[in-house]
1. Out of Ser180, Ser185, Ser176, report the one residue that is within 24 Å of Phe73 (Cβ to Cβ), out of contact with any strand residue (DSSP E or B) (no Cβ under 6 Å at 6 or more places or on another chain) and in contact (Cβ under 8 Å) with a residue 40 or more places away in the chain.
2. Based on this model, can you work out whether Val60 counts as touching a residue at least 12 places away in the same chain (Cβ under 8 Å) and in contact with a strand residue (DSSP E or B) (Cβ under 6 Å, 6 or more places away or on another chain)?
3. Within segment 63-96, track down each residue that is touching a strand residue (DSSP E or B) at 6+ places or on another chain (Cβ under 9 Å), among the aliphatic types (A, V, I, L, M), over 16 Å from Leu45 (Cα atoms) and free of Cβ contacts under 8 Å to residues at least 60 places away in the same chain.
4. On the given criteria, is Lys41 over 30 Å from Lys84 (Cβ atoms), modelled with pLDDT under 90 and either surrounded by 10 or more Cβ atoms within 10 Å (Cβ to Cβ) or not hydroxyl-bearing (Ser, Thr, Tyr) (or both)?
5. Residue by residue through segment 150-193, note down the ones that are surrounded by 17 or more Cβ atoms within 10 Å (Cβ to Cβ), hydrophobic (A, V, I, L, M, F, W, C) and outside any helix (DSSP H, G or I).
6. Have a look at Ala135, Ala166 and point out the one that is aliphatic (A, V, I, L, M) and free of Cβ contacts under 8 Å to residues at least 12 places away in the same chain.
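The values are calculated or read from the model by the stated rules, or taken from the named source; none is laboratory data. The shown structure was predicted, so the numbers you read here are calculated from the model rather than taken from an experiment. In this analysis, Cβ positions are derived from the backbone assuming ideal geometry, glycine residues included, and neighbour counts consider all displayed protein chains.
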Amino acid sequence: MKKNNTNLMQILKPTIVLGMICFITALLLALVNSITLEPIKAQELAQENEAKQLVMPQGVDFIEKEYLGDKHFYYNEAYDQDGKLVGYIFKNRAHGYGGPITVNVGVDPDGIIIGVKAMDLTETPGIGTQVEDPAFTDQFIGKTLGLRAVSGTNPGDNEIQAISGATTSSNAFIESVQMSLGQFSLISGGKNE
């Protein structure tokens with residue numbers, strides 16, 4: 001009988017020690033999580049606001065809104081330091097060559113693009129990633145609904161010169177911007193169609 005108790009203790013002792021280690025580790029992880037949760041949220045909010053200001057430089061206050069019409073989406077109204085509405089920010093994604101391309105688009109109250117910025121991009125480095133370059137993104141500024149990609153060197157009013165060798169990436173970026181302009185049209189009651 002004594003031998004059975006010894007065997008049982010040899011099994012229980014390490015099990016109890018391991019259980020205590022796991023319990024203490026879980027408590028410490030929960031404590032670290034509770035301490036870092038707010039700073040992480042604050043940092044994410046700051047990064048999000050910085051991304052919004054890249055496409056809407058005049059904006060200092062951003063208020064998230066929800067559109068519940070025939071389509072459902074979220075967007076932000078941007079206000080300047082005087083509380084005046086300076087535009088809207090939309091975030092949309094379309095599938096590119098390497099995956100989804102997410103684009104922030106800043107639109108003024110008249111439906112004219114103020115700025116665009118790729119937020120999430122998994123395109124081919126050096127080719128598809130050129131959609132992030134100012135040579136491509138600056139083409140959108142001042143444009144309105146009805147964008148289309150062209151391969152010529154002299155794009156027209158609402159034409160965007162596609163990146164050679166990255167047509168799929170260019171088209172996905174343009175499609176994301178088009179979705180944003182379509183959403184602007186919905187929230188503004190058809191303005192700029």
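1. One residue alone meets the criteria, Ser185.
2. In short, no.
3. Across segment 63-96, the qualifying residues are Leu85, Val86.
4. Values: over 30 Å from Lys84 (Cβ atoms): no; modelled with pLDDT under 90: yes; either surrounded by 10 or more Cβ atoms within 10 Å (Cβ to Cβ) or not hydroxyl-bearing (Ser, Thr, Tyr) (or both): yes.
No, not satisfied.
5. Once the filter is applied, which keeps residues that are surrounded by 17 or more Cβ atoms within 10 Å (Cβ to Cβ), hydrophobic (A, V, I, L, M, F, W, C) and outside any helix (DSSP H, G or I), segment 150-193 yields Ile160, Ala162, Ile163, Ala166.
6. Step by step, each of Ala135, Ala166 is checked, and only Ala135 is aliphatic (A, V, I, L, M) and free of Cβ contacts under 8 Å to residues at least 12 places away in the same chain.
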